[in-house]
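The values are calculated or read from the model by the stated rules, or taken from the named source; none is laboratory data. These figures come from a predicted structure and were not determined experimentally. Cβ placement follows ideal geometry from the backbone for every residue including glycine, while neighbour counts extend to all protein chains displayed.
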Amino acid sequence: MKLLYGGPIMLIMLGMMISGCCQNSNKESAALVSAPETPGKFKMEPLDYPFASLEPHIDARTMQIHYEKHHAGYTKNLNNAIKGTALESKSIEEILGEISKQSAAVRNNGGGYYNHNLFWKNLSPNGSEKPGANLEISKAIDAAFGNFYKFKKEFTAAAATRFGSGWAWLILDEKGKLAISSTPNQDNPLMDLAEKKGIPLLAIDVWEHAYYLQYQNRRPDYISAFFNVINWEEVNRRYLTAKN
Ligand code: MN
């Protein structure tokens with residue numbers, strides 16, 4: 001009797017363990033939204049989380065339009081602008097580093113392509129306001145800005161006061177220090193014509209297309225919501241790579 005009973009129960013439990021294990025590992029490793037088709041050299045990366053997974057902070061519809069229409073548009077237009085030119089053999093970082101020599105189409109769409117790739121990676125459904133105290137970026141922020149909340153205040157101000165469309169950044173500057181900056185349109189700190197140059201670690205998109213459906217004119221509310229979904233593990237990874 002014990003054996004007859006024990007057998008199926010053990011099998012069910014084993015089954016639950018196996019399916020539990022595999023669902024979790026899929027969640028960690030699988031890309032959840034595949035990238036739109038963008039013929040040409042530069043490809044978008046898949047999105048690591050579903051569109052709705054950043055709610056209530058960033059809504060699914062904004063995420064979908066932003067990723068599938070805006071980002072895909074920049075990528076397609078960049079590919080068209082460089083087609084048949086010497087730029088096809090260069091990395092996006094190389095192109096941005098000498099952007100002052102290029103057309104407005106390459107500047108706007110090359111920036112748009114790079115900036116959004118970074119932006120999606122900077123976000124996570126498992127994100128948090130602050131980096132974990134054990135992360136190097138946490139110590140570096142404290143050293144550069146005094147404490148996390150002084151950093152947050154300065155970053156928020158840069159994002160809120162950028163006139164019109166653009167981005168705010170946490171960068172590792174040319175002297176190897178953390179700094180905050182903002183850029184108009186799709187410019188970024190890798191561009192040779194940027195006011196403050198450096199390697200981007202964290203970016204917030206403050207174009208209206210990034211928040212208008214949910215927040216309308218309330219950009220400060222969107223910036224505050226962004227601070228619930230920051231992928232600090234990724235910012236830390238970028239910081240360690242940039243420093244070395
Ligand atoms: Mn955008």
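Here THR183 clears all of (1) under 18 Å from the mean Cα position of the chain (by Cα); (2) buried (at least 18 other Cβ atoms within 10 Å of the Cβ); (3) over 21 Å from GLN102 (Cβ atoms) except the condition numbered (3).
Among the criteria (1) out of contact with any Gly (no Cβ under 9 Å at 6 or more places or on another chain); (2) away from the ligand (no atom under 16 Å from the Cβ), the one ASN228 does not fulfil is (1). Under the condition of being in contact with a strand residue (DSSP E or B) (Cβ under 7 Å, 6 or more places away or on another chain) and among the aliphatic types (A, V, I, L, M), which residue from the range 124-157 is farthest from PHE42 (Cα to Cα)? Ranking the candidates gives ALA144 first. With a cut-off of at least 2 residues that are touching a His at 6+ places or on another chain (Cβ under 9 Å), name the helices (runs of 4 or more DSSP H) lying wholly within the range 155-244. Once the helices (runs of 4 or more DSSP H) in the range 155-244 are filtered for at least 2 residues that are touching a His at 6+ places or on another chain (Cβ under 9 Å), what remains is 219-226.
Here's the yes/no breakdown for (1) of a type in the set (A, V, I, L, M, F, W, C); (2) at pLDDT 95 or above; (3) farther than 17 Å from LEU170 by Cα; (4) within 16 Å of the ligand (Cβ to nearest atom):
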| site | (1), (2), (3), (4) |
| --- | --- |
| LEU54 | yes, yes, yes, yes |
| ILE65 | yes, yes, yes, yes |
| HIS71 | no, yes, yes, yes |
| HIS116 | no, yes, no, yes |
| ALA157 | yes, yes, no, no |
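Which of the residues belonging to the range 118-152 are within 16 Å of VAL206 (Cβ to Cβ) and either more than 16 Å from the ligand (Cβ to nearest atom) or outside any helix (DSSP H, G or I) (or both)? Hits for the range 118-152 are LEU123, LYS152.
LYS153 falls short of the stated requirement of being among the basic types (Lys, Arg) and within 14 Å of the chain's Cα centre (by Cα).
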